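The values are calculated or read from the model by the stated rules, or taken from the named source; none is laboratory data. Bear in mind the structure is a predicted one, so any value in this text is a computation, not a measurement. Here the Cβ is made from the backbone with ideal geometry for all residues, glycine too, and neighbour counts use every protein chain on show.
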Amino acid sequence: MIKNESIENLLATVDIVDVVEKYVPLKRSGANFVGVCPFHDDSHPSMSVSSKLGIFHCFSCKAGGNAIKFIQDYEKISFPEAVEKLAGMYNFALQYTGAKVQERSEEKKVLGILNAYYQSCLYQNPAAVKYLHDRGLSDQSIRKFGLGYAGASAQTIRVLQNEEIPPQDALNAGAVKQNERGLYASFIERITFPIYNHASKLVGFGGRTISDNPAKYVNSPQCALFDKSKIFYAFDLAKKSAIAKKTLIITEGYMDVIMLHQAGIDNAVAVLGTALTPAHLPLIKRAELNVVLSFDGDAAGINAAIKSARLLCLNKIDSSVAIIGGGADPADMIAAGKVRELEQIYASGMESGEFLIRRIAKKYDLARPVQKEAALNEIKEFTAALGPVLAESYQSLVAQILNVSPGSFNLSSGGKNFGAGFEGRNFNEGGSFGSRDFGSHEGRGADG
């Protein structure tokens, strides 16, 4: 935990006007400053910020508090994360209680040292710089994303030794690995991509080989600091724009993200694995974001889109899928000068539920009745998990795709279409159900 005394000293050090101005333009009004409140749809400056009192207050929506509270509400992060975010802005050394927290701080120090070293090495390697320029990256983007270069393993080990970093700290941070011959660097002859978590804390690296290594991309090993299943690459840079646009574009790779930001599409992030995971969802839900899935059009990309779209649908997150044709990816499109075309692809993406339903139907020969029913059964297994309202919203779509009557099936019930013979019949419509309707299934369930 962060010591209360340390938090108090931090608040006494910072000027809340300076903090808020990093997010919202302010103008002086008497002894205070005023600005448009970011916590409601504010058309007139209704937020006042007092440097003397160290607080902000909105006279319209009543939002208010100190600098930590402002960051917490604006960034949609927890209180400890907001404290660390504020401390990082001013290079303020927080004090913690507990040895484990102190150890974690030392591990972060290791990553910071290596990040600075790798960045200093990039422009000393012409082949690495040429690769980045050939991919379309500008020097400004290279600096913005903090790209670097990790050379031979011995160079990284020497830097750690010169900084008197204990080997165990380097191992815990994922900076090095160990085998029977001893320690070696996690990144060797690779362009480095520093990876920050949602609170803008450096937690690891990605690396792209420029040699003949068959593993083109690698990430930091799984450790206490780095868990790729819950981190979006560049979320720290994309979050402000994503919240403003209420949309997060999720891609497959580092290069896609950097090129998208370079083209002004700065609400883009990337997964660090093959697809979205449940651990990513809190970040999306907390910021109340819609999602555009922008995966490659190859088999691996389609599979990732299917898995991710299903996860989003089941968790009731509004999303769409934008597949780029011709085997191109976002970085390729931007490098070819097709930014407007890419923006149109994103704007016209297919709603995720429809995407999944069409992918299911595509697996079957719908001209054959038995396969058509099999397609319907698989679609129902998906829609039944969505709840009745969402499931029924796809009724007309499924009827159109399968070329059947919308009243001949019920998407709210999963599995086989065992109830089809009874649909549309009601005890109040006259007549009665006889033994032929029920059969002789005493004591058995409907599908028994």
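For the subset of the stretch 261-300 comprising residues that are of a type in the set (Asp, Glu) and under 29 Å from residue 143 (Cα atoms), which member is surrounded by the fewest Cβ atoms within 10 Å (Cβ to Cβ)?
Ranking the qualifying residues of the stretch 261-300, first place goes to 266.
In the stretch 309-329, what residues are in a loop (DSSP other than H, G, I, E, B), under 18 Å from residue 297 (Cβ atoms) and among the β-branched types (Val, Ile, Thr)?
Listed by number, the residues that qualify are 323, 324.
Restricting to the stretch 48-84, what's the tally of residues that are touching a helix residue (DSSP H, G or I) at 6+ places or on another chain (Cβ under 8 Å), touching a residue at least 12 places away in the same chain (Cβ under 8 Å) and either buried (at least 21 other Cβ atoms within 10 Å of the Cβ) or of a type in the set (Gly, Ala, Ser) (or both)?
Within the stretch 48-84, residues that are touching a helix residue (DSSP H, G or I) at 6+ places or on another chain (Cβ under 8 Å), touching a residue at least 12 places away in the same chain (Cβ under 8 Å) and either buried (at least 21 other Cβ atoms within 10 Å of the Cβ) or of a type in the set (Gly, Ala, Ser) (or both) number 14.
Which residues, taken from the stretch 135-160, are over 27 Å from the mean Cα position of the chain (by Cα), assigned to a helix (DSSP H, G or I) and either under 28 Å from residue 255 (Cα atoms) or not assigned by TED's automatic domain parsing to the domain that holds residue 120 (or both)?
The answer is 153, 154, 155, 156, 157, 159.
Going by the structure shown, is residue 20 over 24 Å from residue 198 (Cα atoms) and either under 29 Å from the mean Cα position of the chain (by Cα) or modelled with pLDDT of 95 or more (or both)?
No, not satisfied.
Filter the stretch 389-418 down to residues that are touching an Asp or Glu at 6+ places or on another chain (Cβ under 9 Å) and either assigned to a loop (DSSP other than H, G, I, E, B) or at pLDDT below 95 (or both), then give me how many there are.
Number satisfying all stated conditions: 12.
Based on this model, can you work out whether residue 83 counts as among the aliphatic types (A, V, I, L, M) and in a strand (DSSP E or B)?
Here the answer is no, as residue 83 does not meet what is asked.
Residues of the stretch 270-296 being closer than 26 Å to residue 344 by Cα, assigned to a loop (DSSP other than H, G, I, E, B) and hydroxyl-bearing (Ser, Thr, Tyr), which ones?
274
Across the stretch 111-130, what is the total count of residues that are in a helix (DSSP H, G or I) and loosely packed, with under 15 Cβ neighbours inside 10 Å?
Of the residues in the stretch 111-130, 6 are in a helix (DSSP H, G or I) and loosely packed, with under 15 Cβ neighbours inside 10 Å.
With (1) in a helix (DSSP H, G or I); (2) within 30 Å of residue 165 (Cβ to Cβ) as the list, and residue 71 as the residue in question, which single condition is left unmet?
Of (1) in a helix (DSSP H, G or I); (2) within 30 Å of residue 165 (Cβ to Cβ), only one is false for residue 71: (2).
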